[in-house]
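The structure under discussion appears below in the form of structure tokens.
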Amino acid sequence: MAKAARAAQAWRVYRDVSKPGSPGLGARLRAMPRLVRSAMGGRYPGMGRGRLAMMGLGVLYMVSPVDLVPDFLALVGVADDFGVFLWLMGSLLGESGRYVEWERRALTGAGGPAGRIGG
């Protein structure tokens, strides 16, 4: 069930990235460092520090040599890493798209907060 939910999230993000007028993949990837800085500095209201910490833990899990399900267990060991990867990419790409839209609104003065937005 969780695998299906992660796959559905990945599909929604893909659909959102390819939607006309939506920030493209390149814009979303370039926005990620600004998103992290703004979230850590409390300037971006769309992402709290708790959610950012969960994403950081996801990155640590992916690069860590210690694994909850060892990779030598063939498909099962790789599937947990892939599941974390899907969740992380879906979350980051989705949130970075919302962040780019938030930046655009802030720059045009259409409902964004005043002040510096990029860090």
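Readers should treat all values here as calculations from the given coordinates under stated rules, not as data from a laboratory. Quick caveat: nothing in here was measured; it's all calculated off a predicted structure. No Cβ is skipped: glycine too gets one built from the backbone with ideal geometry, and neighbour counts run over all protein chains shown.
Things to note:
- In percent, rounded to a whole number, the relative contact order of the range 24-108 is 41, using alpha-carbon pairs under 8 Å and six or more apart.
- Spin-label pair LEU107/ALA5, simplified geometry with 7 Å Cα→Cβ offset, distance in nm: 3.6 nm
- When Rg and the Kirkwood radius Rh are both evaluated on Cα atoms of the range 24-108, their ratio Rg/Rh stands at 1.08.
- Surrounding net charge for LEU60, when Lys and Arg each add one and Asp and Glu each subtract one, Cβ distance under 13 Å: -2
- About its Cα centre, the dipole of the range 24-108 is roughly 720 debye, where the only charges are +1 on Lys and Arg Cβ and -1 on Asp and Glu Cβ.
- Dipole of the range 24-108, positive end: most advanced residue of PRO45, LEU88, LEU60 [Cβ charges, Cα centre]: PRO45
- This ranking places LEU75, LEU88, LEU35 by how few other beta-carbon atoms lie within 10 Å of each, fewest first, which gives LEU75, LEU88, LEU35.
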